[in-house]
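A short write-up of the structure that comes next.
The values are calculated or read from the model by the stated rules, or taken from the named source; none is laboratory data. It should be emphasised that the depicted structure is a prediction, and the values quoted were computed from it without experimental measurement. FYI the Cβ positions are ideal-geometry reconstructions off the backbone, even for glycines, and counts take in every protein chain you see. For accessibility, only protein heavy atoms count, side chains too; no ligands or nucleic acids. Shrake-Rupley method; radii C 1.70, N 1.55, O 1.52, S 1.80 Å.
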Amino acid sequence: MRKNKHLDVRSDIAASWDRCIAWGLDQEYKPTPPALSALRIEELSRQHNELLSSTEAEVIPYYRNVLSNSRCLILLANQHATVLRSWGDERITESQLRPWFHEGANWQEQQCGTNAIGTAVTTGKAIQVQRNEHFLKLHRSIIGSAAPIFDARKQLIGVLSVFSDAYLPQAHTLGMVRLLTQSVENRLLNRQFETDHFQITLNTTADNFDSPWSGILVCDESGKVIASNQRADQLLGTQTTGLELGNLFMAHFSDILGYPEHSPLQLITKGKVRLSARLKRPATTKPPHLELPIGSPQPSSSNKQPHLPDLEYGDASVRRCAEQGLKVLERGIPVLITGETGVGKEVLVTALHKASHRRDQSLVAVNCAAIPPELVESELFGYEAGAFTGARAQGSLGHIRKAHKGILFLDEIGEMPLSAQSRLLRVLQERVVTPVGATESVPVDILLITATNRSPLSSVESGQFRADLYYRINGLCIELPALRHRTDKRNLIQHIYCQHRAPIQSESLSPRVLSALENHPWPGNIRQLVNALRVAIAIADDEDVQIWHLPADFLAGLDTTAPSTQPTTVTAPRALRQQQTKVDLREGSEEQNSHSHTLRVYHKCKGNVSSAAKELSISRNTLYKRLRELGVR
């Protein structure tokens, strides 16, 4: 038996070479790919239909948006290393290699030696095989990166790989393949269980729920985990399948499964790790009855109200926005929502959808600013098969047709290119959509909600937005108030705190902390408030939140130094408040600056009184006195 002289390869590659030598493979060997019949290839596609469709749904958009200008080839193989589908540019390979990238080719190590697909199948791990790391000289003109795909039972069902020529940068290719395979696994999990089971998405922060690296737990109604992805097991530090939610988290399973759907939930694991979670109920579960506050008249079936407790806690303007929005939307009139960034436009849209007669149909949300300008038309209106280079073989419905019989929400509508605006206008006028590359139009039935944080009229005047489209989408214009102008701030702050607090923390904020939060100008609105509270809760580490737990940028702009016995509403920015009399300023500025500085230093020293007193050049007793005045000690 020949000795393996390939000394510089990584351990997985070296182990693969050892296997090849043990099988008696010769580096000069040039195998021929098996020629499968069209019937056999069709049978393979049918057997792996779910894997194929899920992979296509993830790979095609990524290839079109990211890799279309790269010289690379993407292959999907089954658990036996047989190629099921390929996408991309075959020109990366020499002519004698091209049959190996066609459907039916088999890349098992026993036949092809060390290679990305075969070695990933053998090891069950993601791997990148450089040019000279291939065992057979036949394959040394290419670089392969591959990652395995596992089903809900953690069984290997396929391998996704990317091949390119040896002279392109490869630093991020393996990470990209792992990201795509994780997305495929998550999609398969969702398709298999979304109808009859609860899904809990887990991540370290609530901002990353939509990341492929989120953990997913699938549970039945008794709180038993019946499936999960690998990331969930990593986050929780154990094999989760078969366990009860109560064995994983400090909270009772009924509290978790009874939590409002799609609202961020803070969970603490048995290992004292804090995670953000989001619940998705089974698709067959009926939406809960939307109740109004006690004492309100019950609406008739033709006049349902939005789930107002999710929107406001006593602010008449927000309630009026919701009630008027629902009335006109139910009559097929478009709704345009304006307001500063972070005021809760998406939350209002979700509430309107849940309260409308189309709540059982799709709500399709599209962020126009997030789509590259050249892709807006194909994403919105869909396209025919072969409409352009890189178009998927079966074409695409587009977001408008996906919203048929439901509601289409176009966020950041002001960012839509003018070319797409003219096509959208025709859709709204004629209620038909013409996919890119098609000659025939398709009827659509949609309710339309749009949103922007710009002044729509200013965009019209500057020529960036069509006037005729503006008047078409502006059936009812709703302006959500900024957080600093809301009259229900105190109750809203308390509600958000309760959503994110640890179970052992106090159920309410102290009057001093609540007053400080209430009087802040909040330029980032509710989004900024949520982040500030989450930071404070995390820093408090299961203790009650104090002022010094709040973020440093909040403390730097703190305007309140004494508790308020009555709710205080800030209805004007700081510049207006500074127009008080000189006497007021002289009396308060010195004390205010002193207290703000004290809090910043105390926060910087993480509550260490000795260190803070030393940095402030005051005695510990003086510092204790100031902290008591601030309600911190």
* Asked: Would you call Ala369 free of Cβ contacts under 8 Å to residues at least 60 places away in the same chain, in a helix (DSSP H, G or I) and under 17 Å from the mean Cα position of the chain (by Cα)?
  -> yes
* What pairs can you find where one residue is in region 452-479 and within 26 Å of Arg331 (Cβ to Cβ), the other is open to solvent by less than 40 Å² (accessible area, probe 1.4 Å) and assigned to a loop (DSSP other than H, G, I, E, B), and their Cβ atoms are less than 6 Å apart, with a gap of 6+ or different chains? -> Ile473/Pro334; Gly475/Pro334; Glu479/Gly339
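State which residue is surrounded by the most Cβ atoms within 10 Å (Cβ to Cβ) when the search covers only region 487-507 and only residues that are hydroxyl-bearing (Ser, Thr, Tyr) and touching a residue at least 40 places away in the same chain (Cβ under 8 Å). Reasoning before the result, please.
First, the residues of region 487-507 that are hydroxyl-bearing (Ser, Thr, Tyr): 487, 497, 506.
If we keep only those that are touching a residue at least 40 places away in the same chain (Cβ under 8 Å) as well, we get 487, 497.
On the way: Thr487: 18, Tyr497: 24.
This residue is Tyr497.
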* Structure fact -> Given (1) surrounded by 14 or more Cβ atoms within 10 Å (Cβ to Cβ); (2) of a type in the set (D, E, K, R); (3) at pLDDT 85 or above, Arg331 misses just (1)
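Would region 353-361 turn up any residue that is on the phi < 0 side of the Ramachandran plot, of a type in the set (Ser, Thr, Tyr) and open to solvent by 60 Å² or more (accessible area, probe 1.4 Å)?
No, every residue in region 353-361 fails to be on the phi < 0 side of the Ramachandran plot, of a type in the set (Ser, Thr, Tyr) and open to solvent by 60 Å² or more (accessible area, probe 1.4 Å).
Listed residues Thr389, Thr434; which is hydroxyl-bearing (Ser, Thr, Tyr) and either open to solvent by 80 Å² or more (accessible area, probe 1.4 Å) or at pLDDT below 85 (or both)?
On the way: Thr434 fails: either open to solvent by 80 Å² or more (accessible area, probe 1.4 Å) or at pLDDT below 85 (or both).
On inspection, the qualifying residue turns out to be Thr389.
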* Output for region 105-121, where each listed residue is over 17 Å from Arg178 (Cα atoms) and part of a helix (DSSP H, G or I) -> Glu109, Gln110, Gln111, Cys112
* **All positions within region 33-54 that are assigned to a loop (DSSP other than H, G, I, E, B) and open to solvent by less than 90 Å² (accessible area, probe 1.4 Å)** => Pro33, Pro34, Leu36, Ser37, His48
* Kindly check whether there is at least one residue in region 302-310 that is at pLDDT 90 or above, under 21 Å from Tyr497 (Cα atoms), within 25 Å of the chain's Cα centre (by Cα) and of a type outside the set (S, T, N, Q). => no
* To do: Return a yes/no flag: does region 620-628 have any residue that is at pLDDT below 80 and polar (S, T, N, Q).
  => yes
* Asked: Taking only pairs six or more apart or across chains, which ones have beta-carbon atoms under 6 Å, a first residue in region 508-534 that is open to solvent by less than 10 Å² (accessible area, probe 1.4 Å), and a second residue that is of a type in the set (D, E, K, R)?
  -> Glu518/Lys489; Glu518/Arg490; Trp522/Arg484; Asn525/Glu340
* To do: Scan (1) within 23 Å of Glu312 (Cβ to Cβ); (2) open to solvent by 50 Å² or more (accessible area, probe 1.4 Å) for the single condition Leu457 breaks and write down its number.
  => (1)
* Structure fact -> Residues of region 132-146 being open to solvent by less than 10 Å² (accessible area, probe 1.4 Å) and closer than 18 Å to Pro33 by Cα, in sequence order, are His134, Phe135, Leu136, His139, Ile142, Gly144
* To do: Kindly list the number of the only condition in (1) among the polar types (S, T, N, Q); (2) within 14 Å of the chain's Cα centre (by Cα); (3) more than 30 Å from Leu533 (Cα to Cα) that fails for Thr241.
  => (2)
* State all residues of region 439-480 that are basic (Lys, Arg) and assigned to a helix (DSSP H, G or I); if no residue qualifies, say none. => Arg472
* For region 460-480, name all the residues that are closer than 28 Å to His520 by Cα and crowded, with 20+ Cβ neighbours inside 10 Å. => Ile478, Leu480
* Structure fact -> Per the filter on region 113-131, residues open to solvent by less than 30 Å² (accessible area, probe 1.4 Å) and out of contact with any strand residue (DSSP E or B) (no Cβ under 8 Å at 6 or more places or on another chain) are Gly113, Gly118
* **Positions within region 87-108 being farther than 14 Å from Gly144 by Cα, open to solvent by less than 60 Å² (accessible area, probe 1.4 Å) and at pLDDT 90 or above, in sequence order** => Gly104, Ala105, Asn106
* Go through region 437-454 and count every residue that is surrounded by 14 or more Cβ atoms within 10 Å (Cβ to Cβ) and farther than 30 Å from Pro523 by Cα. => 7
* Any hit, region 408-422, residues being touching a residue at least 12 places away in the same chain (Cβ under 8 Å), crowded, with 20+ Cβ neighbours inside 10 Å, part of a loop (DSSP other than H, G, I, E, B) and touching a helix residue (DSSP H, G or I) at 6+ places or on another chain (Cβ under 7 Å) -> yes
* Structure fact -> Picking from Ala14, Ala77, the residue that is over 17 Å from Glu133 (Cβ atoms), open to solvent by less than 60 Å² (accessible area, probe 1.4 Å) and modelled with pLDDT of 90 or more would be Ala77
* Could we say that Phe249 is at pLDDT below 90 and either among the hydrophobic types (A, V, I, L, M, F, W, C) or under 21 Å from the mean Cα position of the chain (by Cα) (or both) here? -> no
* Looking only at residues in region 113-150 that are among the charged types (D, E, K, R) and without any contact (Cβ under 8 Å) to a residue 40 or more places away in the chain, which one is nearest to Leu25 (Cα to Cα)? -> Arg140
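Every residue, every condition in (1) in contact with a Gly (Cβ under 9 Å, 6 or more places away or on another chain); (2) modelled with pLDDT under 50; (3) of a type in the set (Val, Ile, Thr), yes or no:
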position: Glu507; (1), (2), (3): no, no, no
position: Ser510; (1), (2), (3): yes, no, no
position: Pro521; (1), (2), (3): yes, no, no
position: Ile539; (1), (2), (3): no, no, yes
position: Ala575; (1), (2), (3): no, yes, no
* To do: Enumerate the strands (runs of 3 or more DSSP E) found wholly within region 147-238, keeping only those where 3 or more residues are open to solvent by less than 40 Å² (accessible area, probe 1.4 Å) and touching a helix residue (DSSP H, G or I) at 6+ places or on another chain (Cβ under 6 Å).
  => 156-165, 215-219
* Structure fact -> Arg484 meets each of (1) in contact with an Asp or Glu (Cβ under 9 Å, 6 or more places away or on another chain); (2) at pLDDT 90 or above; (3) open to solvent by 30 Å² or more (accessible area, probe 1.4 Å) with one exception, condition (1)
